[in-house]
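Engineer: I am attaching a structure below and will ask some questions about it afterwards.
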Amino acid sequence: MSPLLYYALPAVGCYVTLSIFFLRWPRLLHTPRVRAFCPRLGAHRGGSGERLENTLEAMENAMAQRAELLELDCELTRDGVVVVSHDENLLRQSGLNRNVGSLDFKDLPLYKEKLEVYFSPGHFAHGSDRHMVRLEDLFRRFPRTPMSVEVKRENEELIHKIAGLVRRFNRNEITIWASEKNSVMKKCKAANPEMPFSFTKCRGLWLLLLYYLGLLPFTPIPERFLLSFLPTIINRTYFPFSYSWMNQLAAVVSKWFIMRKSLIRHLEERGIQVIFWCLNEESDFEVAFSLGATGVMTDYPTALRRYLDNHGSATRTSEASARPPRRTRPPARPGEVRPCAHAQPTRTAPSPDARSLPPSHAPGELRGLR
């Protein structure tokens, strides 16, 4: 044996052993972050499968199902009003081919009478409320409800206005910065560094690289949330590519790389909450919670609430494997913010006028491209 191998092999073996050890017990190296809230039920675009997306009616419907996180996107109007809108261009949502930034708030068009649910192709949401809503109005209506605010573009005025509204309504601890782009997230953190923030796309890939190199246990992580798609929805309800074979390949590869219980457990042990989006079927709820995720983002809060109430003990068992035991507390009131707790499940009847929920599909069933 060469002298190099003589010293290298024991060093590599020691490194691998320490990496595996601290991956399983990261609290020996890192103090877990204190969680201001622990969302199991997140409403994507306010629950865009049951009401028109991002409307006040959608948010009210989600809160009726005891949603613990409202997910939304923001744009800025010509007169400087921060509005809740997923798209910069209004064509899909209203039929008007104009950008939000080219209109004053009072001139914004109504939403269409029905909108297709992006993550449930072929299903449409309806609602009596067709008005776009200001972010300020949501903060005023739900003052203590956690929200994830996504910013898609490098609009410094928009970012600073969001940061100012968060400070004004004293929501620093319960409003999450979200963006796919590093450049946008850098500006968001500079505008309000007190707000928790999630992984960007590049940072998420960096996280996976650290995990597979064995360096993750030794690396500081400033993010508080990992908002990730669940690989099992690719080519069923999520079609990131134009070609079916590419979606099938992406589903296989991402499933192998992302769906790792040891990774999710490590993040949870360090106080980094993992939330999978955008899941609309019970089989996907089951997969997410079995992996140890904190919560799920859905377009159908009624369906997820029913699942959580019917499987409360199972989901709490998954959470308990990655979190320290806490004292039991009474069930939270709608909109109340509290640290993670394993409250007893309570039955909630579906909203009497809730829109049709997506039909269940057998695992692996393929649908045509959107």
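The values are calculated or read from the model by the stated rules, or taken from the named source; none is laboratory data. Everything quoted here is computed from the prediction, not taken from an experiment. Please note: Cβ atoms are built from the backbone with ideal geometry, for glycine as well, and neighbour counts cover all protein chains shown. In case anyone asks, the SASA skips ligands and DNA or RNA and just uses the protein heavy atoms, side chains included. Shrake-Rupley method; radii C 1.70, N 1.55, O 1.52, S 1.80 Å.
Engineer: Which condition number does THR232 fail, the rest of (1) surrounded by fewer than 22 Cβ atoms within 10 Å (Cβ to Cβ); (2) in contact with a Lys or Arg (Cβ under 8 Å, 6 or more places away or on another chain) being met?
Structural biologist: (1)
Engineer: If I ask for residues that are of a type outside the set (A, V, I, L, M, F, W, C), in a helix (DSSP H, G or I) and closer than 30 Å to PRO220 by Cβ, which ones from the range 24-79 would you list?
Structural biologist: ARG24, PRO26, ARG27
Engineer: Could you look through the range 1-23, keep only residues that are of a type in the set (Gly, Ala, Ser) and in a helix (DSSP H, G or I), and pick out the one that is most open to solvent (accessible area, probe 1.4 Å)?
Structural biologist: Looking at the filtered set, the residue picked out is ALA11.
Engineer: Those residues that are part of a helix (DSSP H, G or I), of a type in the set (Gly, Ala, Ser) and in contact with a helix residue (DSSP H, G or I) (Cβ under 7 Å, 6 or more places away or on another chain), I need them from the range 281-302; list them, please.
Structural biologist: Listed by number, the list holds a single entry, SER290.
Engineer: Let me ask something additional. Which residue pairs have Cβ atoms under 7 Å apart, sit 6 or more places apart or on different chains, and have a first residue in the range 106-118 that is closer than 23 Å to THR237 by Cα and aliphatic (A, V, I, L, M) and a second that is open to solvent by 70 Å² or more (accessible area, probe 1.4 Å) and outside any loop (DSSP other than H, G, I, E, B)?
Structural biologist: Note: pairs meeting the criteria are LEU115/PHE124; VAL117/PHE124.
Engineer: Please identify the pairs in which a residue from the range 157-173 that is among the β-branched types (Val, Ile, Thr) has its Cβ atom under 7 Å from the Cβ atom of a residue that is surrounded by 15 or more Cβ atoms within 10 Å (Cβ to Cβ) and assigned to a helix (DSSP H, G or I), counting only partners at least 6 apart or on another chain.
Structural biologist: ILE159/LYS187; ILE159/CYS188; ILE159/ALA191; ILE162/LEU135
Engineer: Looking only at residues that are part of a loop (DSSP other than H, G, I, E, B) and not hydrophobic (A, V, I, L, M, F, W, C) in the range 253-280, which one is most open to solvent (accessible area, probe 1.4 Å)?
Structural biologist: For the range 253-280, the residue satisfying everything is ARG260.
Engineer: Taking THR237 as the residue in question, decide whether it is in contact (Cβ under 8 Å) with a residue 40 or more places away in the chain, among the hydroxyl-bearing types (Ser, Thr, Tyr), crowded, with 17+ Cβ neighbours inside 10 Å and closer than 24 Å to ARG45 by Cα.
Structural biologist: Yes.
To keep it simple, each residue is scored yes or no on (1) in contact with an Asp or Glu (Cβ under 6 Å, 6 or more places away or on another chain); (2) surrounded by 16 or more Cβ atoms within 10 Å (Cβ to Cβ).
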{"position": "LEU90", "(1), (2)": "no, yes"}
{"position": "GLY95", "(1), (2)": "no, no"}
{"position": "ARG98", "(1), (2)": "no, no"}
{"position": "LEU108", "(1), (2)": "no, yes"}
{"position": "GLU113", "(1), (2)": "no, no"}
{"position": "PRO121", "(1), (2)": "no, yes"}
{"position": "PHE124", "(1), (2)": "yes, no"}
{"position": "GLY127", "(1), (2)": "yes, yes"}
{"position": "VAL133", "(1), (2)": "no, yes"}
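Engineer: Here's a follow-up. Might you check whether a residue that is more than 24 Å from the chain's Cα centre (by Cα) and open to solvent by 30 Å² or more (accessible area, probe 1.4 Å) occurs anywhere in the range 138-156?
Structural biologist: Within the range 138-156 (the criterion being more than 24 Å from the chain's Cα centre (by Cα) and open to solvent by 30 Å² or more (accessible area, probe 1.4 Å)), the answer is no, since none of the residues qualifies.
Engineer: Among the residues that make up the range 235-249, is at least one of them touching a strand residue (DSSP E or B) at 6+ places or on another chain (Cβ under 7 Å), assigned to a helix (DSSP H, G or I) and modelled with pLDDT of 95 or more?
Structural biologist: No, that holds for no residue.
Engineer: Ok, one more. Could you say whether any residue in the range 80-88 is assigned to a loop (DSSP other than H, G, I, E, B) and open to solvent by 60 Å² or more (accessible area, probe 1.4 Å)?
Structural biologist: yes
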